[in-house]
Each structure stands twice: as structure tokens, then as C-alpha cells.
Amino acid sequence: MTDTIKPLTVAIVGVFWGYKWYSCELSAELLKLLGSRDSLVLYGKAKSNATCSQTLVPKAVWTPLLYPIQIIRQCVKDHVKIVHIQFEFATFGIPYSILTCVLLGFCRLVRIKSVITLHGPIFPKKVTNDVITGLLPSGSRIPAALAKLYVSSIYLMFSKLA
């Protein structure tokens with residue numbers, strides 16, 4: 001009788017600053033849980049030479065403006081079944097954070113399951129204007145109410161797409 005269980009490839013998308021960084025620790029623990037036929041790939045920022053360990057070296061895949069296309073293309077090439085996005089507003093750049101929704105939509109289109117972890121979540125109903133304006137570039141003239149709407153909209157779309 002042949003084994004019908006297909007190997008699983010999981011991708012973790014994030015910023016990998018070094019072996020004690022959260023995304024590296026998460027990757028190491030996930031690698032322990034995966035079966036011997038399964039694989040884990042890490043997709044980091046382009047032009048980054050970060051290393052998590054000897055066996056976990058992130059691929060330099062994405063840039064802030066084009067990351068949805070770059071990541072989904074790499075997922076298809078690597079036959080990824082699940083993509084786990086490590087998200088903070090600073091991960092891809094605050095103005096480009098909305099493109100994470102595009103990435104999640106692409107995942108649905110090509111039937112890749114997606115998980116998103118929100119690091120440092122901002123809850124617009126309970127947060128002060130100082131926190132919201134702290135997200136914006138210095139000297140920004142964007143009203144805090146508009147920034148709150150932006151954050152709320154992104155979180156709502158994440159909950160629908162991931």
C-alpha cells in the first residue's frame with residue numbers, strides 16, 4: 001500500500017534579524033513539529049543576509065512595494081501549502097501594509113492556506129491619538145481619525161482573508 005499523504009511545505013514570511021529573533025525561534029520550533037517529508041522555507045526581505053541557524057537560512061524574496069507578487073510567485077515555485085505571515089505595520093512599511101491584503105487574496109486564488117500573526121496589534125477603539133500618530137512618518141499631516149480608519153480597515157480585511 002502506498003503512502004497517500006503528500007509532503008507539506010510551510011513558508012514563514014517576516015523579517016529575520018538573527019537567531020534569537022522571534023521569527024527564527026518560531027521557525028526552529030515549527031521545523032521540529034513538521035514530519036520528515038515536510039519542509040519549511042523562510043521568506044525574508046531582499047538584500048538581507050540574515051541567518052537563523054545553519055539549517056534555517058531565509059531566502060531574500062521580497063521588497064516593500066512588490067511583496068505580494070514576489071511572495072506568491074515564490075510560494076508557487078516552492079509548492080507551499082501554508083504561508084504564515086509575521087505582521088507588524090513596520091514589517092513591510094506602514095504605507096505598504098495594505099498590500100498584505102492583496103497577498104492574502106493571492107493566496108486564496110492559488111489555494112494556499114494563510115495564517116497571519118499580528119505583532120504589536122493596535123486596537124483603534126482603545127488607542128490614543130498619540131499611538132496612532134506614532135505610526136505615521138514624522139511631520140505627517142494625516143489626521144489621527146483617518147489613520148485609525150486605515151488600521152481598522154486592514155484588520156477587518158485580514159480577518160476576512162486569512
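The values are calculated or read from the model by the stated rules, or taken from the named source; none is laboratory data. Computed from a prediction, not measured in an experiment: that's the story for all the values here. With ideal geometry, Cβ positions are generated from the backbone for all residues, glycine too; neighbour counts draw on all protein chains shown. Remember, those area values only see protein heavy atoms, side chains included, never the ligands or the DNA or RNA. Shrake-Rupley method; radii C 1.70, N 1.55, O 1.52, S 1.80 Å.
Before moving on, here are some points about what is shown:
- Which of ILE69, ILE122, ILE5 is most accessible, then next, and so on - probe 1.4 Å: ILE5, ILE69, ILE122
- Segment 1-120 - percent relative contact order, Cα under 8 Å, separation 6 or more: 27 percent
- The residues of the chain present an accessible area of 62 Å² per residue when probed at 1.4 Å with all protein chains retained.
- Peptides 23-32, 137-146 ordered by packing proxy, namely the average of other Cβ atoms within 10 Å per residue, highest first: 23-32, 137-146.
- Counted charge near LYS59, where neighbours are those whose Cβ lies closer than 11 Å (Asp, Glu -1; Lys, Arg +1): +1
- Taking all protein chains as shown and a probe of 1.4 angstrom, VAL76 keeps an accessible surface of around 80 Å².
- Ranking TYR22, TYR67 by solvent-accessible area of protein heavy atoms (1.4 Å probe, all protein chains present), from largest to smallest, gives TYR22, TYR67.
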